[in-house]
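Report on one structure; see the data block that follows.
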Amino acid sequence: MGATVIKAVPSLRFDAKTYGPVSAGDVTIGYSNEDSVRHTLILAKGDTKVPNFKLVIGKKGDVDSGTVTLEKGEYTLICDVPGHSNMRATLTVE
Ligand SMILES: [Cu+2]
């Protein structure tokens, strides 16, 4: 299965509002920094943060990736850097 690639782009945005659908199970996510500041990526389902998953891209050109086991559902992609609260998107797992 291929990776879902998410880009952080200027200014303080993800490159899409929605990603997927991807298949439930082990989901590989790549995160690429095309912006000029540090970004993170965490996942939440409702108000519950998905444990043990965080990607960090510190500067332009950085790439991080990770694999996380996800059940079916709608997840929120979040950059938790202070001031980046508009960096929210949806990942659909089916
Ligand atoms: Cu950010």
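The values are calculated or read from the model by the stated rules, or taken from the named source; none is laboratory data. Everything quoted here is computed from the prediction, not taken from an experiment. Neighbour counts are summed over all protein chains in view; Cβ atoms, including those assigned to glycine, are modelled from backbone coordinates with ideal geometry. Note: accessible area is taken over every heavy atom of the protein model, side chains too, but ligands, DNA and RNA are not part of it. Shrake-Rupley method; radii C 1.70, N 1.55, O 1.52, S 1.80 Å.
Structure data summary
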| read-out | value |
| --- | --- |
| Inter-label distance for ASP15 and SER36, nm, one decimal - labels placed 7 Å from Cα along Cα-to-Cβ | 2.0 nm |
| Sites matching trypsin sites (Lys or Arg not before Pro) across the chain that sit in DSSP coil, with at most 14 neighbouring C-beta atoms within 10 Å | LYS17, LYS59, LYS60, LYS72 |
| Furthest towards positive pole of dipole, VAL68, LEU12, TYR31, structure part the chain, Cβ charges | LEU12 |
| Gained length - SER23 relative to GLU74, 0.36 nm times residue gap less alpha-carbon distance | 17.2 nm |
| Where Cα atoms sit under 26 Å apart: lysine pairs in the chain separated by 8 or more or lying on different chains | 18 |
| The chain, dipole about Cα centre (Lys/Arg Cβ +1, Asp/Glu Cβ -1), debye to the nearest 20 | 220 debye |
| Calculated FRET value between SER85 and SER65, using beta carbons and R₀ = 41 Å, to 0.05 | 0.95 |
| Portion, in percent, of the accessible area of segment 4-88 that falls on carbon or sulfur, probe 1.4 Å | 50 percent |
| Residues of segment 4-88: accessible area per residue with a 1.4 Å probe, Å² | 54 Å² |
